[in-house]
Amino acid sequence: MAVIDIAHLTKQFDGFTAVNDVSFSVEAGEIFGLLGPNGAGKTTLIQMMLGLMTPTTGTVAILGMDIARDAEAILSRVNFSSTYVSMPTSLTLTENLTTFARLYGIRKPAAQIARLLALFEIESLANALTRNLSSGQLTRLSLAKALLNDPEILFLDEPTASLDPDIADKTRVLLQSICREHRMTLFYTSHNMQEMEAISDRILFLHQGRVLACGTPAEIVRRYRESDLEKVFLKVARGNDPEVAA
């Protein structure tokens, strides 16, 4: 069953087309990667999917509902985390998570917060001020916040960008485990090609606002006759692919 269904989505800004006639669907429990060079339209696409930006044309259906009509109902069942979104720095980790838990209407927030702090190995920082956290600790706090409401779909923007290799690997394994155990759908972006190739069930490759390819990592690598996804990305980003040049 498709929990995300995007049909002919287009967004234009003063004559510039940031997203151009994009269509795809994502199944329940799928780990779906969004890939593309800077300026490919990834952020604009995600903002339209979350109802933060109105499409010029096209539709966004999430969990069988139209984001234009049912945003509140949809957003109560999904969540979002980005390395580039900050949280109130004058609050402790527990205070931050408690605030968001109340906004999400979480029952027994203390137990949920304790569980998530332990999952991301930051329980020792529960009473630390957020302003004193490292970038990696902030990322783990943001991920804990995003899982407070046990979302059916989790949107992640560069989830491991600021993590050291050990914590990044633990985080990937944890997210995969949550997806498999709870059939949570993960929709995420990353510039870490090895990560994308390792955990994605399928990848949507955007370039200049258009869908360049969509399929499993292996299918995309074969299509471009390369040995791995990083070489495909470099070929596209540098304009060395005939399909891009056309």
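Suppose R0 equals 30 Å; then what is the FRET efficiency for H182 and M53 from their Cβ-Cβ distance, rounded to the nearest 0.05?
E between H182 and M53, to the nearest 0.05, is 0.55.
Sparse packing (at most 13 other Cβ atoms within 10 Å of the Cβ) combined with a DSSP loop state is found for the following trypsin sites (Lys or Arg not before Pro) in segment 154-233: R183, R225. Taking a sphere under 12 Å around the Cβ of I199 and counting the other residues whose Cβ falls inside, with K and R at +1 and D and E at -1, yields a net charge of -2. Mean projected area of the convex hull spanned by the Cα atoms of segment 87-150, taken over all viewing directions: 3.6 nm². In this structure the amide hydrogen of M53, modeled in the peptide plane, comes within under 5 Å of the amide hydrogens of M48, none closer than 5 places in sequence on its chain.
The residues neighbouring T54, those whose beta-carbon lies less than 13 Å from its own, together hold a net charge of +1 under the Lys/Arg +1, Asp/Glu -1 convention. How many angstrom separate the Cα center of segment 177-211 from the Cα center of segment 32-85? Here the two parts' Cα centres lie 15 Å apart. Does anything in segment 17-44 have its amide N under 20 Å from the 7 Å Cα→Cβ label point of E226, and if so which residues? In segment 17-44, the label zone of E226 (backbone N under 20 Å from the point 7 Å along Cα→Cβ) covers 32-43.
When the square roots of the Cα gyration tensor eigenvalues are ordered a ≥ b ≥ c, the ratio a/c for segment 88-224 is 1.5 or more and a/b exceeds b/c, which makes its shape prolate.
The label-point distance for S23 and A114, in a model that sets each label 7 Å from Cα toward Cβ, rounds to 5.1 nm. Which label belongs to the value computed from this structure, given these candidates for volume of the Cα convex hull per residue in Å³: [x] 161; [y] 121; [z] 131? Among [x] 161; [y] 121; [z] 131, the one calculated here is [z]. In this Cβ point-charge picture (+1 for Lys and Arg, -1 for Asp and Glu), the chain has a dipole of about 280 debye about its Cα centre.
Across the cross-link table entries K145/K170; K42/K231; K145/K231, which are compared at the Cα atoms, the separations over 25 Å belong to K145/K231. Amide H contacts of G36 (H built 1.01 Å from N, in plane; Pro and chain starts excluded): L206 sit under 5 Å, all sequence-distant by 5 or more or on other chains. Adding -39500 (n - 2.57) for every DSSP H run of four residues or longer, then dividing by how many residues the chain holds, sets the calculated 222 nm ellipticity at -11000 deg cm²/dmol.
Read-outs throughout are calculated quantities, based only on the coordinates presented, and are distinct from any laboratory measurement. Just so it is clear, the model here is predicted, and its values are computed rather than measured. Ideal geometry is used to build each Cβ from the backbone, glycine not excepted, and the neighbour counts take in all protein chains shown.
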